[in-house]
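K.L.:
Input: one structure, supplied below.
Since every read-out is calculated from the coordinates, none of them should be taken as a lab result. Here the structure is a predicted model, which means the values were calculated and not measured. Positions of Cβ are generated from backbone atoms using ideal geometry, with glycine treated the same way; all protein chains shown enter the neighbour counts.
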Amino acid sequence: MQDLPESVEIIDVVADFIRTKLLPQLEGHSAFHAMVAANALDIVKRELKIAPQENQAEHGRLVSLLSSEGSLEDLNRTLCEKIASGELTLETNGLKEHLWSTTLAKLSIDQPKYSAYRKSLGV
Amino acid sequence: MAQKTTSDETKTKKDTSLEDMKAFLAKACQAHIDPSAELMSLKRLSGGASQETWSFNIEVAGKSLPLILRRAPGGQRDADKETALPLATEAALIDLADTVAHIRVPPVRFVLASEDNLGEGFIMDHVEGETIARKILRDAEFEAIRPDLARQCGEILGRLHAIPIEQCPELRAAPAHEELAQYHQTYIAHNHPHPVFELAFKWLADNAPKNPRITLVHGDFRNGNLMITPEVGIAAVLDWELAHLGDPMEDLGWLCVNSWRFGQIDKPVGGFGQREELFAAYEKSSGIPVDPEQVRYWEILGTLKWGIMCTLMYEAFRNGTDRSVERAAIGRRASETEIDLLHLLAPQNQ
């Protein structure tokens, strides 16, 4: 067990520091990169919160879709091969739902403000 | 390439220093424009990965002349960026668009010669206007012109695609299967599984347009490369570095990719207009009917292409070429194109 602060707290305060203290003192390319840096920390924060459950759910769906076992990466590689070969198509039971669930989870971490993500949530 | 918000200041330090560059630039302008030309300012603009863009002013007979220098990064052409045109070819194309198709472009002043010591590139006029999509799509000053932009795009593309191929400089030919093969190679090299990209590659391979027309294609006609003013709308079409010969519907589809709508998802043409307006103006100016399905094909290909470009830009971070935060973070934007691809190929509730 690690001591406090938790990793999410550290990321939070660093992102906040960049935005409120650092950014106002910068301009041009440096300001742009600082903003990107703060946004990147937000991605890590969301990933720490969201990915554990989502990755587990994705793994479960892949096991049933592919009827095989393996790591998340191995199963994703197998899925890719089967889509490329045409063995699995959008008509395959569960594929479309799997791709949507996985992609929505990615967006909830990477870019929850993205227009197409908000649209698919009906926001 | 399509990213305008990146720039690597360290790169310019590696080659000629800024002071040397100023001296060479002044000399070049004296040789090609006016012997009395004096360099007043020089500023690096945020630029693409395969080209540097610099803004500068010269003073000639008491008058200030705003100019733009486009050159290969550090003055040297990167052999890895094989899709980008040699800069002299880009300059020739800009001239062609201007004189043959009467498309508004920044007039080319001169192409750099080897004795200019500035590498490969050219000098063109600085055209006033706005390229930042968020401003064009949101600011009040563009409100009146915004509804006309989709029509203007159709009109311009119709004329662009009518330029006789025989008049074009030597260009690579890139019909759909070529583009797909190229981006598939990049995807394979990235070596990270993207099931949604696989779905798109498969669909695109199975549904490629049969015997499309082949014309000059701009290759990057979208928000960011269109200089807009509140008065006239499109005041200049910029960034011709990805021009090639291909299916003209590629330009229409690329313009509709959601990545260039900057949040205005319900206005598919660049976030400012509807497809019907684009198509009607295109048909009127070119006399050639638009097949919306074919445009959709290229919108899907364009969406995939941008997703792969995001992974490619991340690769520059991974392999140590560019350890910037921006290059790292852009890898996480590939997922934006995945959700766009799902909306296009596997809509929810259907």
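K.L.:
Going out from 0 in 20 Å bins, what whole percent of all Cα-Cα distances in the protein assembly as shown drops into each bin?
P.N.:
In order of increasing distance, the bins hold 22, 55, 22, 2 percent.
K.L.:
Using DSSP to call loops (not H, G, I, E or B), can you name the GluC sites (Glu not before Pro) in the stretch B:121-202 whose Cβ has at most 11 other Cβ atoms within 10 angstrom?
P.N.:
Details: sites: B:Glu128, B:Glu130, B:Glu141, B:Glu143, B:Glu155, B:Glu166, B:Glu170, B:Glu178, B:Glu179, B:Glu198; in loops: B:Glu128, B:Glu143, B:Glu170.
Listed in order of number, the matching sites are B:Glu128, B:Glu143, B:Glu170.
K.L.:
Note the direction-averaged projected area, equal to a quarter of the hull surface, for the Cα convex hull of the stretch A:7-120, in nm².
P.N.:
Numbers: hull surface 37.2 nm².
For the Cα atoms of the stretch A:7-120, the hull's average projected area reads 9.3 nm².
K.L.:
Give me, ordered by chain and number, the residues 5 or more places off B:Ile58 or on other chains with an amide H under 5 Å from its own placed amide H.
P.N.:
Result for B:Ile58 returns B:Met40, B:Leu65, B:Leu67.
K.L.:
Based on alpha-carbon positions alone, could you give the equivalent ellipsoid semi-axes of the stretch B:224-293 from the gyration tensor, as √(5λ), descending, whole Å?
P.N.:
18, 16, 14
K.L.:
To the nearest 10 degrees, how steeply does helix B:87-99 sit against the main Cα axis of chain B, on a 0 to 90 scale?
P.N.:
Around 80 degrees separate the two axes.
K.L.:
Any idea what angle helix B:334-345 forms with the longest principal axis of chain B, computed on alpha-carbon atoms, 0 to 90 degrees, nearest 10?
P.N.:
On a 0 to 90 degree scale, this one is about 40.
K.L.:
Right, something else. Once amide H atoms are built 1.01 Å from N in the peptide plane, which residues 5 or more positions from B:Phe110, or in another chain, come under 5 Å H to H?
P.N.:
B:Ile123
K.L.:
Would you kindly derive the ³J(HN,Hα) couplings of the stretch B:323-328 from the backbone phi angles with the Karplus curve 6.51 cos²θ - 1.76 cosθ + 1.60 (θ = phi - 60°), listing them in order in whole Hz, with x for Gly and Pro?
P.N.:
Each residue of the stretch B:323-328 in turn: 8, 7, 4, 4, 5, 5 Hz.
K.L.:
Semi-axes of the equivalent ellipsoid for the stretch B:197-350, please: Cα gyration tensor eigenvalues, times 5, square-rooted, ordered largest first, whole Å. Don't skip to the answer; put the middle values down first.
P.N.:
Details: eigenvalues 132, 83, 52 Å².
Over the Cα atoms of the stretch B:197-350, the semi-axes work out to 26, 20, 16 Å.
K.L.:
Okay, next question. Please report the relative contact order for chain B, taking Cα pairs under 8 Å with a sequence separation of at least 6, and give it as a percent rounded to a whole number.
P.N.:
Relative contact order here is 16 percent.
K.L.:
Next up: Going by alpha carbons, how many degrees (0 to 90, nearest 10) lie between the helix axis of B:275-286 and the longest principal axis of chain B?
P.N.:
Roughly 60 degrees, rounded to the nearest 10.
K.L.:
A further question on this structure: I need the Kirkwood Rh of chain B: take the reciprocal of the average 1/r across all distinct C-alpha pairs and report it in angstrom.
P.N.:
21.0 Å
K.L.:
Sticking with this structure for a sec: Please go through the residue pairs A:Lys96/A:Lys119; A:Lys113/B:Lys267; A:Lys106/B:Lys210; A:Lys21/A:Lys106 and name each one whose alpha carbons sit more than 25 Å apart in this structure.
P.N.:
Values: A:Lys96/A:Lys119 18 Å; A:Lys113/B:Lys267 17 Å; A:Lys106/B:Lys210 35 Å; A:Lys21/A:Lys106 30 Å.
Over 25 Å apart, Cα to Cα: A:Lys106/B:Lys210; A:Lys21/A:Lys106.
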